[in-house]
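First the structure, in the form of structure tokens, and then the observations on it.
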Amino acid sequence: MNRVKKHHLPNGGFRNNDNMKMHHRSLWKILKWKLFEKLPDKISIPVVDDDYSAFNDSEQSLTSWIGHATFLIRHQGLNIITDPHFSERASPVQWVGPKRYSPAAISIDELPHVDVVVISHDHYDHLDRHSVLAIQKKQQDNPPLFMLPLGLGRWFSKRGIDNWVELDWWESHSHRGWTYTAVPCQHFSGRSVFPDRTLWCGWVFEADNEPGAPNDSGISNEPGKRFYFAGDTGYSSDFKAIGEHFGYMDMAMVPIGAYEPRWFMKEIHVNPEEAVHIHKDVGSRLSLAMHWGSFMLTNEPMLQPPEDLQQAKQQHGVADDAFIVIKPGKITPLF
């Protein structure tokens, strides 16, 4: 679809649709947060030891939250993983930086075959160099397709990975009976002193039509299931636009953590109440919480996001089973 690309900057960088000024980059604000805000106690979230072999041959639709923004999804015999992160730290090095306080639910060695990897942006807690290289090496005879936001392909190619497709917001790519669309969100990018040189995005991935129940004229087709991965984001008008364009989502993965203090995080990370707004804006039939419980990135207590989500659901009339928190490692049937 043709849209004015107001998110493209003349210097080759990118900005958000709502023209958000990136105040979070202020050195004073960073120092104020680090020096004067108290970090909460560190708690590890228990991980379920489930049998992932079902992702190898099951005809069921399944998902599992591996931790942070990493979901493994199986539908129509295809395995898709989001923002794979299996390392101990969300950092360019493994001896300093945000440390994982809840382990990844499985190791890369235990990870079933992956057909498609979707990446939301280049921050270290979402694009982990070790994890993507390990997946590529493990599947060197049958590597996955990496779906990337615009500008990130060069990073992958420099590391020997050329099996990728990069998209701008609202662009789509079809692959093995699925359509992948990069959609806008409100965030930023950068792994160095040069910010916003690659795009950030959410993803909608849709399966082709599926055989339905027999009728008088034979086997009817039903619309394929539609999945939404929100990525890392603050709340913006983008979500209503996504909902208006697609109509509904069969399943959405929505962040609920890393939101305190609000004076510093509001522009780039939704809180649980705003996550509920996203759930409603995009017309999600089932939302799964993510982006909490793995790394101590911000100031809210580790267990506060699910508690705040429960309160927000009640406040905004969302059914308890429509937006759920699943335990890391637990394999959950879908549909």
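The values are calculated or read from the model by the stated rules, or taken from the named source; none is laboratory data. Predicted model only: the values in this text are computed from it and were never measured. Quick reminder, even Gly has a Cβ in these numbers, built from the backbone with ideal geometry, and neighbours come from all protein chains shown.
Summed over the range 147-189, the residues that are surrounded by fewer than 19 Cβ atoms within 10 Å (Cβ to Cβ), within 18 Å of the chain's Cα centre (by Cα) and among the hydroxyl-bearing types (Ser, Thr, Tyr) give a count of 2.
Limited to the range 309-335, what total is found for residues that are charged (D, E, K, R) and within 17 Å of the chain's Cα centre (by Cα)?
Initial filter on the range 309-335 (charged (D, E, K, R)): 313, 320-321, 327, 330.
Going one step further and asking which of them are within 17 Å of the chain's Cα centre (by Cα), we end up with 327.
Residues meeting the conditions: 1.
Selection over the range 152-188 of residues that are assigned to a loop (DSSP other than H, G, I, E, B) and farther than 12 Å from residue 119 by Cα gives a count of 16. Taking the numbered list (1) of a type in the set (Val, Ile, Thr); (2) modelled with pLDDT of 95 or more; (3) part of a loop (DSSP other than H, G, I, E, B) in turn, residue 298 passes all entries but (2). Within the range 199-213, restricting attention to residues that are in a loop (DSSP other than H, G, I, E, B) and surrounded by fewer than 23 Cβ atoms within 10 Å (Cβ to Cβ), the residue that is modelled with the lowest pLDDT is 209.
Quick check on this structure: which one of 87, 120, 102 is in a loop (DSSP other than H, G, I, E, B), small (Gly, Ala, Ser) and in contact with a Lys or Arg (Cβ under 8 Å, 6 or more places away or on another chain)? Step through it out loud before you land on a result.
Working: 120 fails: in contact with a Lys or Arg (Cβ under 8 Å, 6 or more places away or on another chain); 102 fails: in contact with a Lys or Arg (Cβ under 8 Å, 6 or more places away or on another chain).
Only one candidate qualifies: 87.
Taking the listed residues 162, 232, the one that is of a type in the set (Asp, Glu) and more than 30 Å from residue 285 (Cα to Cα) is 162, with no other qualifying.
Exactly one residue out of 283, 329, 317 is surrounded by fewer than 23 Cβ atoms within 10 Å (Cβ to Cβ), touching a helix residue (DSSP H, G or I) at 6+ places or on another chain (Cβ under 6 Å), on the phi > 0 side of the Ramachandran plot and at pLDDT 95 or above: that is 283.
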